[in-house]
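**Q** One structure is given below, represented as C-alpha cells, and several questions about it will come after.
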Amino acid sequence: MSPSDDVEPAFWDADGGYGVQQPLTDRAVREAEHLLDVTLPASLLDLLGAQNGGQVTAARNAFRTDRPTSWSKDHVPFDHVMGIGHRERTISLLDSPYLVEEWGLPSPVVLLWGDGPCWVALDYRARGRHGEPSVAWFDADADVELALAPDFASFVEGLTSAGDFD
C-alpha cells in the first residue's frame, strides 16, 4: 500500500467540480513531464489518477506550519489541486512555467495550488528535476518561501482541516 492509498477515498471533495480536468492518461503524464522537464511524484500521480485535479475535502484543506506566513500564524491553505490538462478557464500544472515566471518564483518548481501571490509547489531545487521533490510554500509579494514537507506523500499525510486552527 502506498502512503497515499489510505487518504485517497477521503481526499477529493465529491461535490466539487472546480478545477477537475479530463481523466488522466499515461500519455498526458508523459507530455506533462516532458513540458515541465521533471518527473512527477508517483504519490501525486496516484491522486490525479483517481481524480485529475479539483477541490479537496474540508478535512484535508490545510497544512500546519512551524512559523507564521502572510496567510496565517500556523498553517497554509490547500483547498484544491491543479490537475494535468487544458480545460478552458482552469489553471493546470501545465501552466507552471508561465506562472513561475509571472510571479518571479524560483525554478524548477511545479505549482500545485494557488492563484498568486501565494503558492504551494513541488520544489525540485535540492534533488534535481528527476529526483523526489519536496513541497514548499511561496509568497511572491513578501518574497518568502517555507519548506512544508520532504516529499508529496508526506505533505498529503500532513494535511488537516483548516477548521482545526483558530
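The values are calculated or read from the model by the stated rules, or taken from the named source; none is laboratory data. Just so we're clear, the structure is a prediction, and the values are computed from it rather than from any experiment. As a convention, Cβ positions derive from the backbone with ideal geometry for all residues, glycine included, and neighbour counts pool all protein chains shown. These area figures cover heavy atoms from the full protein model, side chains too; ligands, DNA and RNA do not enter into them. Shrake-Rupley method; radii C 1.70, N 1.55, O 1.52, S 1.80 Å.
**Q** May I ask you to verify whether residue 38 is closer than 18 Å to residue 119 by Cβ, in contact (Cβ under 8 Å) with a residue 24 or more places away in the chain and not in a helix (DSSP H, G or I)?
**A** Yes: the conditions hold for residue 38.
**Q** In the set 96, 43, which member is in a helix (DSSP H, G or I), touching a strand residue (DSSP E or B) at 6+ places or on another chain (Cβ under 6 Å), closer than 19 Å to residue 148 by Cβ and in contact (Cβ under 8 Å) with a residue 60 or more places away in the chain?
**A** Every option except 96 fails the conditions.
**Q** Okay, moving on. Quick check on my filter: what residues within the stretch 121-153 are within 18 Å of residue 74 (Cα to Cα) and open to solvent by 20 Å² or more (accessible area, probe 1.4 Å)?
**A** 142, 144, 145, 147, 148
**Q** Here's another thing I want to ask about it. Residue check, residue 43 against (1) closer than 20 Å to residue 153 by Cβ; (2) among the hydroxyl-bearing types (Ser, Thr, Tyr); (3) modelled with pLDDT of 95 or more; (4) over 13 Å from the mean Cα position of the chain (by Cα), all met but one. Which one?
**A** Of the numbered conditions (1) closer than 20 Å to residue 153 by Cβ; (2) among the hydroxyl-bearing types (Ser, Thr, Tyr); (3) modelled with pLDDT of 95 or more; (4) over 13 Å from the mean Cα position of the chain (by Cα), the odd one out for residue 43 is (4).
**Q** Out of the stretch 117-140, which residues are in contact with a Pro (Cβ under 7 Å, 6 or more places away or on another chain) and closer than 15 Å to residue 100 by Cβ?
**A** 122, 123, 124, 125, 129, 133, 139, 140
**Q** Follow-up question, since we're still on this one. Would you please name the residue that is most open to solvent (accessible area, probe 1.4 Å), looking only at residues in the stretch 46-79 that are over 16 Å from residue 28 (Cβ atoms) and part of a strand (DSSP E or B)?
**A** 64
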